[in-house]
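Sharing a structure with you now.
Derivation of every value follows stated rules applied to the coordinates shown; laboratory data play no part. Predicted model, so just to flag it, every value in this text is computed and none were measured. With ideal geometry, Cβ positions are generated from the backbone for all residues, glycine too; neighbour counts draw on all protein chains shown.
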Amino acid sequence: MKLVIGGNGFLGSRLVRRLVENGDDVRVLTRATSDLRTLSELDFHHVTGDLFDQDSVRAAMAGCDVVFHCAVDTRAWLRDPAPLYRTNVDGLRAVLDVAARQPLRKFVFTSSVATIGRVEGRRATEGDAFNWSRHAPEYVRSRVAAENLLLDYARDGAVPGVAMCVANTYGAGDWQPTPHGSFVAGAALGKMPFTVRGCRAESVGIDDAARALALAADRGEVGERYIVSERSIDMGEIVAIAARAAGREPPRLVLRRAALYGAGAVGSARAAITRRPVRLTVPSVRLMHFMSEMDHSKAERDLNWRPRPVTEAIEEGARFWMERRVARRS
């Protein structure tokens, strides 16, 4: 039996789908208020509970040999970082305390490429420790703290943990959408008045990311972390791919990095004045380009992971939004 905590999210739901299709017996732990449409028509055992309710976590984990922890608060735009640390760090600690008393074979943790250190003159690897805290927003710091916590439990022999450093994910089923997925949705639906140049980010198809997590359950080395990214890609290329997949011409107006920082400065000022969260701020713009390009060969070597070109996943994401618009009209 395999348990997926937070299995209704974008990545978690694709992981559940892959496990079910592989014939695994799957249990999914979500909150009672969680939206389960991403899991429709899948055969799995659903358990409701809370990360901080040890009884419900223990019951969900009972009889499982592998746990996938996909419960992450990704709201990087929050002005008050307390909810980020509560879910990403304190919630993880509560789950790890239960896991430490279970006979697990593997605990696969969904981390982020943002925990990888910046380097010059080469691609960054899993061996590069996080080194840009001074420039990182609280969201990234919460992800780093969570990964360090998981690796501490693994080093102490308490939990057989593996950290999967996942890049920006693209593909069908990004219902919300994610912040980076909103560029795909906007381009596909003709709602992007401009495109962006000069901002590159590590990216991967959502199904390839799910497959990496599934492979880590069998092949991942305890106490190790793995970069889950297919390539670094410019945001302008993402917008162009999504627009063309939807039969549209990409936006002609191009905003480069300096203009984005100007818009981010306005957003940061508005957030300070209104005391309300704003998605486009200086820290959010920095996240679009600040990290180094990365080398995912460790995942290829150790996990036998072979990702498809992320460009195909971007096209699938664009078609998802076109199909959704047609369904709404009918």
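Specify which residue in the list LEU19, ALA100, THR87 is farthest towards the positive end of the charge dipole of the chain, using unit charges on the beta carbon of Lys, Arg (+1) and Asp, Glu (-1), about the Cα centre.
Of the listed residues, the answer is THR87.
On to the next question. Semi-axes of the equivalent ellipsoid for region 288-330, please: Cα gyration tensor eigenvalues, times 5, square-rooted, ordered largest first, whole Å. Please list the in-between numbers first.
On the way: eigenvalues 214, 47, 9 Å².
Ellipsoid half-lengths, sorted descending, are 33, 15, 7 Å.
Given labels modelled 7 Å from the Cα in the Cβ direction, how far is it in nm from GLN54 to THR33?
2.5
Shifting gears a bit: From the gyration tensor of the Cα coordinates in region 161-255, what semi-axes in whole Å does the equivalent ellipsoid have, largest first, with each one equal to sqrt(5λ)? Spell out each step's value before the answer.
On the way: eigenvalues 186, 35, 17 Å².
Whole-Å semi-axes of the equivalent ellipsoid: 30, 13, 9.
So, with +1 on the Cβ of K and R and -1 on the Cβ of D and E, and no other charges, what is the size of the charge dipole of region 89-192 about its Cα centre, to the nearest 20 debye?
Numbers: 12 positive and 10 negative charges, 28 e Å.
So the magnitude is around 140 debye.
Further, regarding this structure: For the chain, what is the calculated [θ] at 222 nm in deg cm²/dmol (nearest 500), taking -39500 (n - 2.57) for each run of four or more DSSP H residues and dividing by its residue count? Intermediate results must be reported in sequence, preceding the final value.
Working: 12 runs with 134 residues, N = 330.
Here the helix-only value at 222 nm equals -12500 deg cm²/dmol.
Okay, next question. Place a point 7 Å from Cα of PHE290 in the direction of its Cβ. Which residues in region 104-120 have their backbone N less than 17 Å from it?
It comes to 112-120, nothing else.
Let me ask another. Counting just the Cα atoms, what span does region 49-96 cover along each of its three principal axes? Round to the nearest Å and put the largest first.
40, 18, 15
Compare the peptides 140-150, 37-47, 292-302 by average per-residue count of other Cβ atoms within 10 angstrom and give them in order, highest first. Don't jump to the answer; show the numbers that get you there.
Numbers: 140-150: 22.5, 37-47: 13.6, 292-302: 17.7.
Sorting 140-150, 37-47, 292-302 by mean packing, highest first, produces 140-150, 292-302, 37-47.
Also, I was wondering about something else. For ARG105 and THR74, calculate 0.36 nm times their separation in residues minus their Cα-Cα distance, and state this gained length in nm to one decimal.
Working: separation 31, 0.36 × 31 = 11.16 nm, distance 2.76 nm.
That works out to 8.4 nm of additional length.
Along the charge dipole of region 184-225, Cβ charges K/R +1 and D/E -1, which of PRO193, ALA209, VAL222 sits furthest on the positive end?
Highest projection toward the positive end goes to PRO193.
To the nearest 20 Debye, how big is the dipole of the chain about its Cα centre, given +1 on the beta carbon of each Lys and Arg and -1 on that of each Asp and Glu? Please list the in-between numbers first.
Details: 48 positive and 40 negative charges, 287 e Å.
It works out to roughly 1380 debye.
Return the aspartates and glutamates within reach of LYS298: Cα separation strictly under 17 angstrom, same-chain partners fewer than 8 residues apart disregarded; answer none if there are no such residues.
Partners found: GLU126, ASP128, GLU202, ASP208, ASP218, GLU221, GLU224, GLU230.
Next question, about the same structure. Which entry is the computed Kirkwood radius over Cα pairs in Å for this structure: [x] 20.3; [y] 21.4; [z] 22.3?
Of the labelled values, this structure produces [x].
Considering all alpha-carbon pairs of region 1-54, what whole percent are spaced by more than 13 angstrom?
52
Right, something else. Using a Förster distance of 41 angstrom, determine the FRET efficiency expected from the C-beta separation of ARG134 and ARG324, and round it to 0.05. Can you show the working numbers first?
Details: r = 41 Å, r/R0 = 0.99.
With R0 = 41 Å, the Cβ-Cβ based efficiency is 0.50.
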